[in-house]
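For reference, the structure discussed in these notes is given below.
The values are calculated or read from the model by the stated rules, or taken from the named source; none is laboratory data. Remember, it's a predicted structure, so these values are computed and weren't measured experimentally. Virtual Cβ from ideal backbone geometry, glycine too; neighbours counted across all protein chains shown. Note: areas computed on protein heavy atoms with side chains; ligands, DNA, RNA excluded. Shrake-Rupley method; radii C 1.70, N 1.55, O 1.52, S 1.80 Å.
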Amino acid sequence: MTSDIDQNTLRRRGTGLRAHDPARSYGGHTLYTPIAGEGEVYLVDIHGETVHEWHLAHPPGRHAQLLPDGTLFYQGKDTATDPLFPIWEVYHGGILQLVAPDGTVLREARHPFHHHDASVLRNGNLILLAVEPIPDHLAARIPGGVPGSEAPGGHVWGDVIYEMTWDGEVLWRWASFEHLPLEDTPLNPHFAREHWPMANTVNELADGSIMVGFRSASTTVIVDRPTGEITWTLGPNVLAQQHYPHELSSGTILVFDNGSYRDTTSVPYSRVIEIDRTSHRILWSYEDNPPQNFYSPYMSSAQRLPNGNTFVAEGSFGRLFEITHEGDVVWEYVVPHFGTFGTGVGLESSRGAQNAVFRAYRYGPDRLPWLER
C-alpha cells in the first residue's frame, strides 16, 4: 500500500525560508552546495529565493565559496579514481576550480589525494588537505580506533597539507604523522583506523600561519608555515568532532563544535564557540534550549557576520540560520534540494535522500559585484 505522506522526515517538516526578522538580520545572500547533488551551487537572497545557480560538471567534493573578487572556488569530486577505503568515496575531492558567474571554468588544478577542504592563499596559491600512507612503524604507535579496521593492505592513511600552484607544483608540505605527537593524538574509538586523524579544515590566518582541524581526534592546531612547528593546540577537553575552526578579525577562533562523543555529557548536541587563543577560554557560545534541538553529527560551519550576528550551517540536516549575539534566531532556511549517494557508499549516514551541506556562507553585496539587483 502506498501513502500520500512524504516519508522523508526532513522534507515533511518543511523546507525553504522558515523565519526572517528583517530588523535584526544582517541580510545579504546565502551560498550553499548540496553535498548529494550532481554539481549544483545555489545563491539565495534573504527572502529565500534562488537568484543564481551554477551547474558544474563534477559532483561536489565538499563545498564551494565565493572569493573576494566574486569568482566561485569550487571543490569537485573526481569520480574516475578508485577509493582508497570505503568512506573515501564520500569525502574525497580531487578537482579544484575557479568558476565565473556564468559557469565558465577559469582555472583548474587536480590532486588525486585531496579531500574535505582547500583554500586560496593570499599569494594566489592553493592550500589543500590530502593523505599519504603513514609508515607502518609510525602507524603502529597511533592509539584508538576500531581494532582491525585499517585500510586495504593494512595501511593507515595520514593527513598532509600541501601548498600547491594552480599548475600542480607542490611548494610546501606538512605531514600530521611527522609533527603531531602520535601517542597523544588517539583516534576516537568509534572511528576506523583507515584515516588518521581525519582533517576536515585548512585555512590561512592573518599572520600567514595555517589552521588545521582534525575531526576524529577532536583537535585543532595552528602550524607555523616556515618551520612546520605546531604553535597552538585545542583538544578534546574542549572540542568534540569539530568543523571549520577559523580566525576572526579580532584574533579569536570560531568553531562549529559538533558534539559527537563529548565526554562531559550523555546527550549529544552541537554548539558554536568562540575561543580566546591565549587562555583557551570560551568567550561566547551558542546552544539551543534544550540543547539537543541543535545537533549535526558531522559537517557544518559557523561564520561571524559584519553586524555581530553569526550565520550557522547545521550541515547534516541542511538547516541554515542566523543568530544574534544573544542567541535569538533571526533567519532560518532549510535546503529544499535532496539527493542520494547511491548504495554501498561510506557509512550508514550516507543512505537515503538527504539535503546535507558541508558548509554554507553568507555574503554582503561587496562579494557579489556581478549580481543584478
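Relative contact order of the chain: 16 percent, from C-alpha pairs under 8 Å at least 6 residues apart in sequence. Normalised by 2.2 N^0.38 Å, with N the number of residues, the alpha-carbon radius of gyration of segment 199-355 equals 1.07. In the calculated pair-distance distribution of segment 14-135, the portion above 25 angstrom amounts to 32 percent of the Cα-Cα pairs.
A simple charge model with +1 on the Cβ of Lys and Arg, -1 on the Cβ of Asp and Glu and nothing else charged puts the dipole of segment 180-301 at about 220 debye relative to its Cα centre. Dipole orientation for segment 129-288: of the candidates Ile222, Leu205, Gln242, Gln242 has the Cα lying most toward the positive pole (charges on Cβ; Lys, Arg +1; Asp, Glu -1).
Rg and Dmax of segment 51-101, both derived from C-alpha coordinates alone, stand at 12.3, 38 Å.
Over segment 153-208, accessible surface divided per residue gives 38 Å², non-protein components excluded, 1.4 Å probe. The residues of segment 60-138 expose, per residue, 36 Å² of accessible area to a 1.4 Å probe. Compared with the rule-of-thumb size 2.2 N^0.38 Å for a compact globular protein, the chain has a Cα radius of gyration ratio of 0.95.
Over every Cα atom in segment 122-213, the radius of gyration and the widest Cα-Cα span, Dmax, amount to 14.3, 43 Å.
Sorted largest first, the principal axis extents computed over the alpha-carbon atoms of segment 64-187 equal 49, 28, 21 Å. Result for the chain in a Gaussian network model with C-alpha springs under 10 Å: among Ile134, Ile282, Ile273, the largest mean-square fluctuation is at Ile282. Note on segment 137-278: along the principal axes its Cα atoms extend 41, 40, 24 Å, ordered by decreasing extent. Mean-square fluctuations from a GNM of the chain, with a 10 angstrom spring cutoff on Cα atoms, peak among Val105, Val41, Val312 at Val105. Taking a ≥ b ≥ c as the square roots of the eigenvalues of the Cα gyration tensor, an a/c ratio of 1.5 or more together with a/b no larger than b/c marks segment 1-62 as oblate. Taking GluC sites (Glu not before Pro) as exposed when DSSP calls them loop and at most 16 other C-beta atoms lie within 10 angstrom, the chain has its longest site-free stretch at 50-168. For segment 149-221, the list of chymotrypsin sites (Phe, Trp or Tyr not before Pro) that fall in a loop by DSSP and count at most 16 other C-beta atoms within 10 angstrom reads Trp166. Simple spin-label estimate for Glu178 and Arg24 gives 5.0 nm between the two label positions (7 Å along the Cα-to-Cβ direction from each Cα).
Based on alpha carbons, the Rg and Dmax found for segment 272-373 are 16.1, 46 Å.
Computed over the alpha-carbon pairs of segment 238-314, the distance histogram in 5 Å steps reads 3, 17, 28, 26, 17, 7, 2, 0 percent, short to long.
Once the C-beta distance of Asn307 and Trp284 is scaled by a Förster radius of 22 Å, the resulting FRET efficiency is 0.90 to the nearest 0.05. Across the accessible surface of the chain, with the other protein chains kept in place and a 1.4 Å probe, carbon and sulfur atoms take up 49 percent. Note on Asn237 and Glu49: with the Förster distance fixed at 41 Å, the Cβ-Cβ geometry gives a FRET efficiency of about 0.40.
The simple spin-label model puts a point 7 Å past each Cα toward its Cβ; for Asp136 and Ile230 those points are separated by 2.6 nm.
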